[in-house]
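Inspection log for the structure reproduced underneath, given as structure tokens.
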Protein chains: 2
Amino acid sequence: MSSIREQHKIRTRRCILDSAVKLFSRKGFEQTSIEELAREAGIGKGTIYSYFETKRDIVKAFCDDQLDYARSELAAKTNPETPLIDQLMIIFMADFNYVTDHKEFGRVYLHEKVFPKEPLSEEDFQVQNDYFDMLYPIYRRAQERGELRTDLELLHISGHIYAIYLLMLTCWYTGMIATEDIGDAMRTMMIQTIEGLKP
Amino acid sequence: MSSIREQHKIRTRRCILDSAVKLFSRKGFEQTSIEELAREAGIGKGTIYSYFETKRDIVKAFCDDQLDYARSELAAKTNPETPLIDQLMIIFMADFNYVTDHKEFGRVYLHEKVFPKEPLSEEDFQVQNDYFDMLYPIYRRAQERGELRTDLELLHISGHIYAIYLLMLTCWYTGMIATEDIGDAMRTMMIQTIEGLKP
DNA sequence: AGAAAAAATCGACTGCGGTCGCCTTTTTTA
DNA sequence: TAAAAAAGGCGACCGCAGTCGATTTTTTCT
């Protein structure tokens, strides 16, 4: 439809996000001011707020976009017939590497998504559901192959795996585990989760 | 030693924390300004910053104090000879109830502790270690009773349980699980973690 | 006790996130 | 194509977190 206007808006939005990636990565999220970001993007300060409601929303928008993209890529990378643990490692290490590559973005995003001020919006839940929808077939297939109990709900299985993922994230952010050790740690914990803690 | 001065400082600190609990609980953390807090506490704005480095540190100090207290209480409540799952429920539901009672404090605290901007300080690690020290005997005793595998490191066992605790917290903050359902959900997930996901 | 030193209190000030109303650009209407 | 309407861009302005140096209170020294 409206060509000039729409195209320009898309370009400006991209430009803000690109500038944000550049500055937040270099100087940190809190250390970068909106005015600075506006200058880098070559626009006025107020304009940024007609694209994003808050400074954090810039991070949220960027991460949502990236995750969308990353997950669409993943469908190609995982083979549903390989052992469950291998598939899980591919999926969750991809997410994890994204975080290690964008520490500041990941931190702000996780604050909002994991311990939000208000319960998640309908839209945010949708993002989460899309995520589960991607994983459910994998778990179901693993159940069929006898790798997972069939008396457990898929939601619970997803929860256990997600819990380990969260644990790895916090271990990394707190400095308890070094970046290069995360892969091993995650594999160990996921295997233990599958096998159980009791003798 | 110095009586008047020290006593007065302790009283002022307490007063700031009390005012913070009152205002943050009533109006929310972000919605309460430092000036307002200073007024409530009957002191100047600048004074608050000679007791706490940042607004968030007020929350951190309060929560650290409370957790210290809560954990010392717990030693009395738990009987190391009862089944592991019962002990875990007592400990983690106590922590959890504290969070539900102080949602705003918990949220800010969790942001700082779970996904911190900088790796945790030596002091913060100590708090975490104290926590583990409290739990290790429980896990070790459960291993001796044959409730837990003995080939797993206690650190890993602690990790699995903590992961479930984090999961419950995020489910609550995101609105995915209602307050009254948390107990059941946590018990279910912990039992599954102990039993394992594979057939 | 009185002077000097040390510690604590304070609020004006700075910088930043976010708002708002005015101005410019684009689109629609006739 | 010209005028009206709509949308977008903008930066001065507001409120608040956090700073700093001047002032008051307490402690120490002689």
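The values are calculated or read from the model by the stated rules, or taken from the named source; none is laboratory data. Everything numeric here is computed off the predicted structure, so don't read it as measured data. In this analysis, Cβ positions are derived from the backbone assuming ideal geometry, glycine residues included, and neighbour counts consider all displayed protein chains. What goes into the accessible areas is simple: the full protein's heavy atoms, side chains included, and nothing from ligands, DNA or RNA. Shrake-Rupley method; radii C 1.70, N 1.55, O 1.52, S 1.80 Å.
Spin-label model, B:MET89/A:GLU40: points 7 Å from Cα along the beta carbon direction are separated by 5.1 nm. Length gained on full extension, A:ARG14 to A:ASP64, computed as 0.36 nm times the residue gap minus the Cα-Cα distance: 16.6 nm. So the label point goes 7 Å from the Cα of A:SER25 along Cα→C-beta, right? Which residues of the range A:74-103 then have their backbone N under 11 Å from it? Those under the cut-off are A:101-103. Between helix A:154-173 and chain A there is an angle of about 60 degrees, using the helix long axis and the longest principal axis of the Cα atoms. Reported to the nearest whole Å, the Cα centre-to-centre distance from the range A:83-146 to the range A:28-61 is 26.
Sorted from nearest, the other copies put their A:ARG187 label points 3.8 nm away, the label point being 7 Å from Cα in the direction of Cβ.
Using Cβ point charges alone (K and R +1, D and E -1), the dipole size of the range B:55-185 about the Cα centre works out to roughly 200 debye. Computed from Cα atoms, the angle from the helix A:55-77 axis to the main principal axis of chain A rounds to 40 degrees. Placing R0 at 45 angstrom, the Cβ-Cβ distance between B:ASP184 and B:ASP57 gives a FRET efficiency of 0.80 after rounding to 0.05. Need one value for B:147-153: mean number of C-beta atoms belonging to other chains within 10 Å of its residues' C-beta atoms. Mean inter-chain Cβ contacts per residue within 10 Å come to 3.
Taking every residue in A:154-163 and counting other chain Cβ atoms within 10 Å of its Cβ, the average works out to 5. To put it simply, the accessible area of chain A at a 1.4 Å probe is 51 percent carbon and sulfur. The string of couplings for the range A:12-24 from the Karplus curve (6.51, -1.76, 1.60, θ = phi - 60°) is 5, 4, 4, 4, 4, 5, 4, 5, 5, 4, 4, 6, 4 Hz, one whole number per residue in order, with x for Gly and Pro. Chain B comes nearest to the axis taking it onto chain A at the Cβ of one residue; that residue and its distance, in whole Å, are B:GLY196, 1.
What does the structure give for B:120-131 when I average, per residue, the other chain Cβ atoms found within 10 Å of the residue Cβ?
1
Its relative contact order, with pairs defined as Cα atoms under 8 Å and 6+ residues apart, puts chain B at 18 percent.
The calculated FRET efficiency for the pair A:GLU153 and B:GLU73, based on their C-beta separation and a Förster distance of 45 Å, comes to about 0.80. For the protein assembly as shown, dividing the convex hull volume of the Cα atoms by the residue count gives 176 Å³ per residue.
Rounded to the nearest 20 debye, the dipole magnitude of the protein assembly as shown is 1080 debye, with +1 charges on Lys and Arg beta carbons, -1 on Asp and Glu beta carbons, and the Cα centre as origin. Identify the residues of the range B:156-199 with backbone N under 18 Å of a label point that sits 7 angstrom from the Cα of A:TYR131 along the Cα-to-Cβ direction, or state none. Zone members listed by number: B:163-178.
Close amide H contacts of B:ILE177 (hydrogens built in the peptide plane, cut-off under 5 Å, sequence separation of 5 or more or a different chain): B:TRP172.
With θ taken as phi - 60° and the Karplus curve 6.51 cos²θ - 1.76 cosθ + 1.60 applied, the whole-hertz 3J(HN,Hα) list for the range A:108-117 is 4, 4, 5, 3, 5, 8, 8, 10, x, 5 Hz, x standing for glycine and proline.
Using the Cβ of A:PHE29 as centre and a radius below 10 Å, the other residues enclosed give a net charge of +4, where K and R count +1 and D and E count -1. Note on the range A:1-67: Cα Rg divided by 2.2 N^0.38 Å, N the number of residues, gives 1.09.
What is the ratio of the Cα radius of gyration of chain A to 2.2 N^0.38 Å, with N the residue count, to two decimals? The value comes to 1.18. The residue among B:GLN31, B:ILE4, B:GLY44 whose Cα reaches farthest toward the positive pole of the charge dipole of the range B:1-52, with charges on the beta-carbon of Lys, Arg, Asp and Glu, is B:ILE4. Each residue of the range B:187-195 was assigned a 3J(HN,Hα) from its phi angle through the Karplus expression (A = 6.51, B = -1.76, C = 1.60, θ = phi - 60°), giving 4, 4, 5, 5, 4, 4, 4, 5, 6 Hz with x at Gly and Pro. Computed from Cα positions, the angle between helix A:122-144 and the longest principal axis of chain A comes to roughly 30 degrees. Starting from the label point of B:GLY146 at 7 Å along Cα→Cβ, the same points in the other copies fall at 2.7 nm, in ascending order.
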